[in-house]
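The values are calculated or read from the model by the stated rules, or taken from the named source; none is laboratory data. Since the model is a prediction, treat every value here as computed from it, not as a measurement. Here Cβ is always computed from backbone atoms with ideal geometry, including for glycine, and neighbour counts include all displayed protein chains.
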Amino acid sequence: MQRPGGRSARVRSAVHHAVLDLLGERPWEEITVPLVAERSGVHQATVYRRWGTMPALLDDVVIERLATAGPVPDTGSLPEDLRRYATMVAESLADDLIPLILRATVLEIRPGEPRRSSPAFRERERQLQAMLDRAEARGERAPTLAELLELVVAPLYFYALFTAPLPAREAGRLVDRLLAVADRRTEPAPAATR
């Protein structure tokens, strides 16, 4: 049984820090298990035994970053929850390391191979769906999870990956557009004219 905060946690932390340091210094393609082992002070055999491959190690780094990114807001108001969440994402993407991690993740996509969503992403989807479900239970008009991902989350990540991160103050604009879509979708259809 592993103790929280014990040797296993120290190894994971040292290896994650080494990966992040190396991502700041080198292209992802140049980072190897031996480099990570050397930088972290953790034996190569331990790194291979625990993670197996660099893509698996990168997945673990992403999972850890998402897990510590902060909980989904629950203010009692969907517009406020969405604004706070979008601002939180925009602020995290302004951190220079996050785009580096995302770019390395994108480089691991292989043409013709099936893509799988990460456990961290599935957990975040579950949390976001719970936020939307709470809003609907309060009687608020809520967008679908797909709309939230397509109109708020995807643009934030697109900007961070391919241009410059969207300033946090601009995240509210994406939320306003999302809420307008949700409002239009739930408006009653106009009566047919004869």
*When you look at LEU128, is it surrounded by 17 or more Cβ atoms within 10 Å (Cβ to Cβ), at pLDDT below 90, within 22 Å of VAL61 (Cα to Cα) and among the hydrophobic types (A, V, I, L, M, F, W, C), yes or no?*
no
*Cβ-Cβ under 7 Å pairs, at least 6 apart or on other chains, segment 29-50 side more than 13 Å from VAL19 (Cα to Cα), far side in a helix (DSSP H, G or I)*: HIS43/ALA37; GLN44/VAL33; GLN44/PRO34; GLN44/ALA37; THR46/VAL11; TYR48/VAL33
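Which residues, taken from segment 154-170, are in contact with a helix residue (DSSP H, G or I) (Cβ under 9 Å, 6 or more places away or on another chain) and either over 20 Å from LEU58 (Cβ atoms) or in a loop (DSSP other than H, G, I, E, B) (or both)?
PRO155, LEU156, TYR159, PRO165, LEU166, PRO167, ALA168, ARG169, GLU170
Going by the structure shown, is LEU102 surrounded by fewer than 18 Cβ atoms within 10 Å (Cβ to Cβ), in contact with a Leu (Cβ under 8 Å, 6 or more places away or on another chain) and either closer than 20 Å to LEU156 by Cβ or at pLDDT 80 or above (or both)? Break it down stepwise before answering.
Numbers: surrounded by fewer than 18 Cβ atoms within 10 Å (Cβ to Cβ): yes; in contact with a Leu (Cβ under 8 Å, 6 or more places away or on another chain): yes; either closer than 20 Å to LEU156 by Cβ or at pLDDT 80 or above (or both): yes.
When the stated conditions are applied, LEU102 passes them.
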*May I ask you to list the residues in segment 105-125 that are of a type in the set (D, E, K, R) and either surrounded by 13 or more Cβ atoms within 10 Å (Cβ to Cβ) or in a helix (DSSP H, G or I) (or both)?*
GLU108, ARG122, GLU123, ARG124, GLU125
*Give the residues of segment 171-194 that are part of a helix (DSSP H, G or I) and modelled with pLDDT under 85, sorted by residue number.*
ARG185, THR186
